[in-house]
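Peer 1: Here's a structure for you.
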Amino acid sequence: MQGSSRRENRGMKFTDGYWSVKKEMTPLYAVEYADSRRKGDELTIYAPAKNIAHRGDSLNLGMLTIRLSSPMEDVIKVSVVHFEGTAYKGPFAEINQTSPHISIEETEDFITYQSGHTKAVVDKRPNSWGIRFLDGDREMTNTGFRNMANILNNETGRKYTVDALAIDVDEYIYGLGERFTPFVKNGQVVDMWNEDGGTASEISYKNIPFYITNKGYGILLDNEGDASYEIASEKVERIQFSVEGERLDYYVINGHTPKGTIQKYAELTGKPALPPAWSFGLWLTTSFTTNYDEETTSSFIQGMADRDIPLHVFHFDCFWMEGFEWCNFVWDPKTFPDPEGMLKRYHQRGLKICVWINPYIGQKSPLFAEGMEYGYLVKKSNGDVWQTDMWQAGMGLVDFTNPEAVKWCQGKLKTLLDMGVDCFKTDFGERIPVKDIAYYDGSDPVKMHNYYTFLYNKAVFELLERERGEGEAVLFARSATVGGQQFPAHWGGDCSASYPSMAETLRSGLSLACGGFGFWSHDISGFENTAPADIYKRWCQFGLLSSHSRLHGSSSYRVPWMFDDEACDVLRKFVKLKCSLMPYLYRQAVVSHEEGTPMMRPMFVEFPEDRACETLDKQYMLGDSLLVAPIFKESGEVEYYVPEGKWQNILTGETVEGGKWQKETYDYFHMPLLARPNTILAVGNNSERPDYDYAEGITLYLVNMEDGKATETAVTDLQGNTVLTVKARRNGKTVTVCAEGRTKHVTYKIMGNEELEVAVE
């Protein structure tokens, strides 16, 4: 988009090999400890750029000021500043703060700053600058010689603040948002800059400057601007991150394990809201540029009913509005002459309705003149409204830093809710202009480029919660930044109709999950192009075993009968399977909401001690107890790894011995869907809807219970309240079950290759 050009110096490398600095760069490195001051629970350290051997060495010398603080237990914030007098404007990510106990201890050689079990140990010895970050006595990472710096580019006059943290032997880096590149980030250059680039590129819609490692800690860079990461790519022993300006802030987050760190990050930046149970059903859309009216959409809905394929949400994409008028938030009268009546008719069929929106206002839209008159659109520095012909002719952007503009936009959306729309798909929010831009609240335009989507999605989500009630709000968001996980769900776009694109889609979802995004979807069968029937059917399996499931495309419809008859059978089977699994799935959604653990999670997050899980990117855990391995080959062949224990394929009934790789071939009605050993798998009595009474007529499968092992689970209602808790323990050939709550209509069954008895206490 015009005006949103990325920084001139992408991939910020400052050195020319290990020995030399680039000729145009002048670094000011922290070289040694000079002094420190304590103010309350904050520790300030002064680190000059050379060894101070005598008084004269303090003259004509730069110095870095480093502050250590802690917003919550086991989180240490590091602030590195060169010139403090330089303006440091927001926006800043919202950080939740508690009152952790802090201790600061000083010896002759070291100062230790401690929050919880997490320590920052500052080296005071002459010419020995460094900070070690410890989990108890275990070193997580460190910064030291020629790592922390403020660097001047002599050719451009730009300055950058940098740090480079150690990467250990066998340490892997994960996360940094929705990334389509290899899942393990070692060796990559990553820039935090939201753009729409498609899944086959390095460009991402959801940039999250937060990574975790298999050592169990994470680093959050507290900067919404154009941050750059060199991940074992410039300095192969370190991960370097840099931002333009005189200041760098980052948080060392120690949850002790990868899962614990994701939870701690979510606690710090916001836990996902709990989506309504109906949102976990099957979504069907009109697709993007297809021709459609009520007759067309009704034929799709009826076609699904005729084929006994449960459908739960219907989505109207862009062209529910008239062309050139995106967004006016008014149904195109030529195509939809009776929108209120249509929505009422669809509601009578048990459907929820979603419509596409974005924060852009085309000049032809009546809202453009209104927004311009009241000052609700983003302006240039000279007071003009910023406009472009890209996407929509003469379009402007809603300025969400203006509270009145937020209310104005929400008012337009409320009209849609009042007529029967249930939720929104919030598209775009990336490629926001940065040059010659003046926001209402004076925000830094470069930082607003990524942060804009947070304000946009927050405005929409808060409206939904206000109008539909807490627990009933759901939006499908494309772009995101830190904290965006609070507004679920998010979808990965724009994928192509191919197996490689299907695989890169999964990689992006697993990377996003490392940033606390609990609920994630994708365009089943690919957005671009039209998939052959084979890919459509395999993608249906994968899509219905994601937290959210949406059939969507670009220039062609995505109803299964347009692929082949078998596609209808496959889609039907997996929709009904997902509905029957909702007692298990919704409990996992509640855990994501309460703890911040994503529903779809990388294998290493659930099995941190299993080294074989550290690089797996073609399979995942759906909740804590189901392993899913999508099939990415036309032959139906799949290779996947199974951790230790006896797992149970709930589709085939076969027991799979773990601790090794499996190579199998499946038809379209089966795939690797394995229940973890010592699991109580809750299966409901309804395969038609995702929202029903989960405890009524529930079957609890006791999966491959090991002798002497105990396990437990819970079942919730549609508000996320626990209504049934079950504990089980195996002794010999008997599994003893103890249940509390709604126990009247519960059936217990053994799943596995052993004949065991169930005793209910």
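Peer 1: Look through the range 173-221, keep the residues that are hydroxyl-bearing (Ser, Thr, Tyr) and outside any strand (DSSP E or B), and return whichever of them is surrounded by the fewest Cβ atoms within 10 Å (Cβ to Cβ).
Peer 2: 201
Peer 1: Oh, and also: Only one of 224, 230 is crowded, with 24+ Cβ neighbours inside 10 Å, charged (D, E, K, R) and at pLDDT below 95; which?
Peer 2: Being crowded, with 24+ Cβ neighbours inside 10 Å, charged (D, E, K, R) and at pLDDT below 95 holds for just one of 224, 230, which is 224.
Peer 1: Moving to a separate point now. Are there strands (runs of 3 or more DSSP E) fully within the range 680-761 with at least 3 residues that are surrounded by fewer than 17 Cβ atoms within 10 Å (Cβ to Cβ) and not aliphatic (A, V, I, L, M)? List them.
Peer 2: Counting at least 3 such residues, we get 722-731, 734-741.
Peer 1: Okay, next question. Suppose we keep only residues that are assigned to a loop (DSSP other than H, G, I, E, B) and in contact with a Gly (Cβ under 7 Å, 6 or more places away or on another chain) within the range 642-675. Which one would you say is surrounded by the fewest Cβ atoms within 10 Å (Cβ to Cβ)?
Peer 2: Residue satisfying both the conditions and the ranking: 667.
Peer 1: Continuing with this model, one more query. Sort out which residues of the range 31-43 are in contact (Cβ under 8 Å) with a residue 60 or more places away in the chain and farther than 26 Å from residue 100 by Cβ, and write them in order of number.
Peer 2: Result: 31, 32.
Peer 1: Report every pair of residues separated by at least 6 positions or lying on different chains whose Cβ atoms are under 9 Å apart, first residue within the range 348-369 and free of Cβ contacts under 8 Å to residues at least 12 places away in the same chain, second in a loop (DSSP other than H, G, I, E, B) and surrounded by fewer than 22 Cβ atoms within 10 Å (Cβ to Cβ).
Peer 2: Pairs found: 369/363.
Peer 1: Given 298, 242, 287, 233, which one is of a type in the set (Ser, Thr, Tyr) and in a strand (DSSP E or B)?
Peer 2: 242
Peer 1: Also: Out of curiosity, is residue 360 touching a Ser or Thr at 6+ places or on another chain (Cβ under 7 Å) and modelled with pLDDT of 95 or more?
Peer 2: The answer is no for residue 360.
Peer 1: So, in the range 575-584, exactly how many residues are surrounded by fewer than 24 Cβ atoms within 10 Å (Cβ to Cβ) and of a type in the set (A, V, I, L, M, F, W, C)?
Peer 2: Summing the residues that are surrounded by fewer than 24 Cβ atoms within 10 Å (Cβ to Cβ) and of a type in the set (A, V, I, L, M, F, W, C) in the range 575-584 gives 2.
Peer 1: Something else: Just wondering, is there one or more residues in the range 381-398 that are at pLDDT 95 or above, under 30 Å from the mean Cα position of the chain (by Cα) and surrounded by fewer than 18 Cβ atoms within 10 Å (Cβ to Cβ)?
Peer 2: No: the range 381-398 contains no residue that is at pLDDT 95 or above, under 30 Å from the mean Cα position of the chain (by Cα) and surrounded by fewer than 18 Cβ atoms within 10 Å (Cβ to Cβ).
Peer 1: Checking the structure you have, find out if any residue of the range 503-521 is part of a strand (DSSP E or B) and closer than 27 Å to residue 614 by Cα.
Peer 2: Within the range 503-521 (the criterion being part of a strand (DSSP E or B) and closer than 27 Å to residue 614 by Cα), the answer is yes, since at least one residue qualifies.
Peer 1: Still on this structure, I have one more. Look through the range 396-434, keep the residues that are in a loop (DSSP other than H, G, I, E, B) and of a type in the set (Val, Ile, Thr), and return whichever of them is farthest from residue 207 (Cα to Cα).
Peer 2: So the residue we want is 421.
Peer 1: Right, something else. For the range 590-616, name all the residues that are more than 27 Å from residue 559 (Cβ to Cβ), within 22 Å of the chain's Cα centre (by Cα) and aliphatic (A, V, I, L, M).
Peer 2: 590, 591, 603, 605, 616, listed by residue number.
Peer 1: Let me ask something additional. Before we move on, is residue 373 assigned by TED's automatic domain parsing to the domain that holds residue 285, loosely packed, with under 13 Cβ neighbours inside 10 Å, part of a helix (DSSP H, G or I) and modelled with pLDDT of 95 or more?
Peer 2: The answer is no for residue 373.
Peer 1: In the range 48-67, which residue that is among the small types (Gly, Ala, Ser) and surrounded by fewer than 12 Cβ atoms within 10 Å (Cβ to Cβ) is nearest to residue 36 (Cα to Cα)?
Peer 2: 53
Let's see how each residue does on (1) over 22 Å from the mean Cα position of the chain (by Cα); (2) not hydrophobic (A, V, I, L, M, F, W, C):
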{"position": "140", "(1), (2)": "yes, no"}
{"position": "164", "(1), (2)": "yes, no"}
{"position": "167", "(1), (2)": "yes, no"}
{"position": "170", "(1), (2)": "yes, yes"}
{"position": "173", "(1), (2)": "no, no"}
{"position": "178", "(1), (2)": "no, yes"}
{"position": "181", "(1), (2)": "no, yes"}
{"position": "192", "(1), (2)": "no, no"}
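Peer 1: List pairs: first residue in the range 529-544 and assigned by TED's automatic domain parsing to the domain that holds residue 667, second residue part of a helix (DSSP H, G or I) anywhere in the structure, Cβ distance under 6 angstrom, at least six positions apart or on different chains.
Peer 2: Note: no pairs meet the criteria.
Peer 1: Does residue 152 count as part of a strand (DSSP E or B) and surrounded by fewer than 19 Cβ atoms within 10 Å (Cβ to Cβ)?
Peer 2: Considered against the rule, which asks whether it is part of a strand (DSSP E or B) and surrounded by fewer than 19 Cβ atoms within 10 Å (Cβ to Cβ), residue 152 comes out as yes.
Peer 1: Considering only residues that are under 32 Å from the mean Cα position of the chain (by Cα) and assigned to a loop (DSSP other than H, G, I, E, B), look in the range 325-347 and name the one that is farthest from residue 361 (Cα to Cα).
Peer 2: The extreme case among them is 331.
Peer 1: Now for a different question. Test each condition in (1) surrounded by fewer than 14 Cβ atoms within 10 Å (Cβ to Cβ); (2) at pLDDT 95 or above; (3) closer than 20 Å to residue 79 by Cβ for residue 99 and report the one that comes out false.
Peer 2: (2)
Peer 1: Further question: Pairs please, first residue from the range 627-648 and farther than 20 Å from residue 538 by Cβ, second anywhere and of a type outside the set (D, E, K, R) and loosely packed, with under 15 Cβ neighbours inside 10 Å, Cβ atoms under 6 Å, 6+ apart in sequence or on different chains.
Peer 2: Cβ pairs passing all conditions: 644/659.
Peer 1: Kindly check whether there is at least one residue in the range 270-285 that is surrounded by 22 or more Cβ atoms within 10 Å (Cβ to Cβ) and free of Cβ contacts under 8 Å to residues at least 60 places away in the same chain.
Peer 2: No: zero hits.
Peer 1: Among what's in the range 10-51 and is among the hydroxyl-bearing types (Ser, Thr, Tyr) and touching a Lys or Arg at 6+ places or on another chain (Cβ under 7 Å), pick the residue that is farthest from residue 109 (Cα to Cα).
Peer 2: Ranking the candidates gives 15 first.
The values are calculated or read from the model by the stated rules, or taken from the named source; none is laboratory data. Computed from a prediction, not measured in an experiment: that's the story for all the values here. Positions of Cβ are generated from backbone atoms using ideal geometry, with glycine treated the same way; all protein chains shown enter the neighbour counts.
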